[in-house]
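To start, the structure itself, in C-alpha cells.
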Amino acid sequence: MESQQTKQVTEFLESMNRINKFNTLKTENKGDNSFSVTLKVSGYNELNSMVSDLLKSSIVLMNKEARSLAFFESDTDINVVTLLEIALQLLPDQEMELLDDLHKMGLKSD
C-alpha cells in the first residue's frame, strides 16, 4: 500500500517538474517567502482606473455616508467590470489543474 503511494507521489512530482503548473505567483525574494502577481493592463490609464475603482469601492463599502452618496454622485461610480477583470486575472487556473490532479490521485488511493 505504501509503495503505491510512494509511486503516485513520485509520478506527481515528475509531472510537476515537466509541466511547471505554478505560474500565478512569482517569487520575489528567496529569503522571505514573498510573491508577486502580474496584472495585465493596456496602459497607465487602465491601471489608474483599476486602482481608482478599488479605492472607490473600499470607501463605499466602509463608509455609510459614502454608500448613500454613491447612488447620486457620478464621482463615486464604481466600475464593477474592472474589479471583476482584476479578480479573473488573479485566479490561479494552472494551480487549480494541479489540485485536480492531486484529487484524482487521492481518489485512486482510496
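Note on SER34 and LEU83: with the Förster distance fixed at 25 Å, the Cβ-Cβ geometry gives a FRET efficiency of about 0.55. Between ASN63 and LEU13, the modelled label-to-label distance comes to 5.4 nm, taking each label 7 Å out from Cα in the direction of the beta carbon. Site pair LEU99 and SER52 shows an inter-label distance of 3.4 nm when each label is modelled 7 Å from Cα along Cα→Cβ.
We did not get these values from a lab; they are worked out from the coordinates using the rules stated. Values in this document were obtained by computation on a predicted structure and should not be read as measured data. All Cβ positions, glycine included, derive from the backbone under ideal geometry; neighbour counts span all protein chains shown.
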